[in-house]
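Every number in this text was worked out from the coordinates using simple rules, so none of it is lab data. If you're wondering where the values come from, they're calculated on a predicted model, not measured in any experiment. Neighbour counts run over all protein chains shown; Cβ positions are idealised from the backbone, glycine included.
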There are 2 protein chains.
Amino acid sequence: MYHEIADQLIQAITKGQFTSKLPTEAKLMARFGVSRNTIRRAIDVVYQQGLLRRVQGSGYYINHVQLNSKHAVNLSVGAGKPLVKNSPRPTSKIVTFDKAIAATIPLATQFNVEADAEVYRVIRLRYMDAAVYALEESYYLTAVVPFLSTESVNGSIFEFLAETFNIAVIASDDYLSMTKLAEDQATLLDQKPGTHRLTLAQMNYTKNNTLFNFSKTIYADPKMSFYFHSAHLSSN
Amino acid sequence: MYHEIADQLIQAITKGQFTSKLPTEAKLMARFGVSRNTIRRAIDVVYQQGLLRRVQGSGYYINHVQLNSKHAVNLSVGAGKPLVKNSPRPTSKIVTFDKAIAATIPLATQFNVEADAEVYRVIRLRYMDAAVYALEESYYLTAVVPFLSTESVNGSIFEFLAETFNIAVIASDDYLSMTKLAEDQATLLDQKPGTHRLTLAQMNYTKNNTLFNFSKTIYADPKMSFYFHSAHLSSN
DNA sequence: TTTCATTTGTCCGTATGTATC
DNA sequence: CGATACATACGGACAAATGAA
């Protein structure tokens with residue numbers, strides 16, 4: 001219940017329905033017909049995403065997150081969704097799409113994924129507006145994701161998983177660093193080998209914190225930037 | 001109250017008092033003599049920092065965060081504390097320490113800091129084990145931070161602020177990107193100009209979400225990495 | 001396979017504290 | 001000072017997942 005309320009509040013804020021402040025808790029209680037605890041729980045979710053400033057005795061103020069760079073990713077919302085409004089959807093060119101065993105994958109051993117786990121391997125170039133912006137290498141545990149359609153691999157895999165298996169990201173571990181492009185990576189990204197580029201390694205967990213996906217994404221644009229909001233649960 | 005309990009739980013976990021699971025909520029209620037809501041609130045805090053996996057019907061499992069790189073920063077704990085256990089404390093070499101007006105600072109205008117705000121400016125080289133690891137450019141609003149001792153600037157400013165003014169980080173906005181080193185930056189960091197390095201721009205907020213500090217840190221080591229855990233408030 | 005106790009997840013109502021205006 | 005609004009804490013009830021009998 002508080003999940004839905006949180007979603008509605010987030011939508012309302014991003015749509016600009018509340019310009020400077022959120023209604024008071026009392027008003028929100030009346031509007032949604034729930035108890036104060038439930039409203040506060042929902043507000044916690046919104047607050048955690050950095051959309052609110054909370055001031056005791058005064059109210060909840062809207063925070064307008066700034067993403068100056070054209071290529072910016074907001075990591076605090078969970079999966080790496082580009083947060084630029086009305087951004088065009090990325091397209092993909094598949095490099096590899098097969099199955100593998102975790103033990104044979106460097107990324108998997110690095111993150112202590114169970115060695116004998118079977119995974120779908122998807123390596124693809126990601127395009128935005130016909131320009132390549134990332135090289136993505138992602139893996140899906142077949143124990144959790146029994147099937148991956150070629151169609152979804154060409155589009156949004158996460159959307160496919162949500163619709164088909166009701167798999168959603170509950171938590172994620174994110175590691176940001178620079179990688180020196182190897183020959184093959186460089187040619188795929190159309191850059192010089194040895195160039196340093198931002199790289200996001202990610203572990204994604206779903207219900208009950210079971211790992212279902214891990215990936216490594218190298219971003220082509222040197223101006224790429226990542227945003228992340230960290231908020232303690234209560235502000236005072 | 002739940003804050004203290006959360007702190008105690010975090011300490012207990014990092015000290016290795018609980019190896020695989022946390023005690024049940026019922027036991028924690030008894031141990032701390034508080035209600036279930038309070039315990040759960042405290043656990044929320046711990047969970048948010050990525051130290052726990054929670055499984056309905058089963059319990060809370062300890063998560064051991066992996067930071068493979070020697071130079072790794074955990075951003076989900078708030079300020080940029082190095083999380084390597086027993087890591088030596090960094091030392092500093094001051095490049096600049098004076099006052100300035102926000103309007104004259106590119107970083108401040110970029111983040112829409114009130115133009116006429118007065119700030120302490122601290123530019124310093126950060127050393128770990130006699131080796132330079134970062135060039136830090138940080139600003140403290142004098143409206144919130146009335147005084148900065150030279151002593152603290154040579155050591156830990158955040159510790160000084162906590163002890164002296166009871167200023168703690170409640171929330172932060174973090175921006176990670178690469179910067180191409182300018183001449184002066186390159187010489188300070190002992191690198192070639194034009195080199196790409198990881199850069200963390202940070203806005204730090206204290207009680208009632210008032211901004212008290214913003215900074216930009218360029219990390220010398222190309223192997224530098226950042227960790228960040230993102231967890232939705234409830235896992236199921 | 002079913003049942004049942006355990007354990008966490010959600011929601012409610014209430015009371016009191018504290019900061020803001 | 002009083003009214004408003006958010007912060008914390010308690011107790012109770014039921015739902016849902018887990019794990020063992």
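Summary of values
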item: Note, ³J(HN,Hα) from phi for the stretch A:97-107, Karplus 6.51, -1.76, 1.60, rounded to Hz, x at Gly and Pro; result: 8, 8, 10, 8, 9, 3, 4, 8, 10, x, 4
item: Relative pair counts by distance (%), Cα atoms of the protein assembly as shown, 10 Å bins; result: 4, 18, 29, 28, 17, 4, 0
item: P(r) of chain A over all Cα-Cα pairs, binned every 5 Å from zero, in whole percent; result: 1, 6, 12, 16, 17, 15, 12, 9, 7, 4, 2, 0, 0
item: Estimated D of the stretch A:196-236 in µm² per second, where Rh is the Kirkwood radius over Cα pairs and Stokes-Einstein applies at 4 °C, 1.567 mPa s; result: 99
item: FRET efficiency estimate (nearest 0.05) - Cβ-Cβ, B:Thr91 to B:Ala162, R0 25 angstrom; result: 0.85
item: Three principal axis lengths of the stretch A:130-225 [C-alpha, angstrom, descending]; result: 40, 27, 21
item: Value in Å of the Kirkwood radius, where the stretch B:2-62 supplies the Cα pairs that are averaged; result: 11.3
item: Those trypsin sites (Lys or Arg not before Pro) in the stretch B:1-61 that DSSP places in a loop and that have at most 15 other beta carbons within 10 Å; result: B:Lys15
item: Theoretical FRET efficiency, 1/(1+(r/R0)^6), r = Cβ-Cβ of B:Gln8 and A:Ser58, R0 35 Å, to 0.05; result: 0.65
item: Relative contact order of the stretch A:1-68, pairs being alpha-carbon contacts under 8 Å that are 6 or more residues apart, as %; result: 37
item: Cβ-vector label at 7 Å, A:Val55, separations to other copies in nm; result: 4.5
item: Average beta carbon contacts from partner chains per residue of B:163-174, 10 Å cutoff; result: 4
item: Long-range HN-HN contacts of A:Ala220 with modeled amide H, under 5 Å; result: A:Ala134, A:Leu135
item: Rounded FRET efficiency, nearest 0.05, which uses the C-beta distance separating A:Val65 from A:Asn37 and R0 of 35 Å; result: 0.80
item: Average partner coverage of B:219-229, which counts Cβ from other chains inside 10 Å; result: 5
item: 10 Å Cβ neighbours from other chains, averaged over peptide B:26-35; result: 0
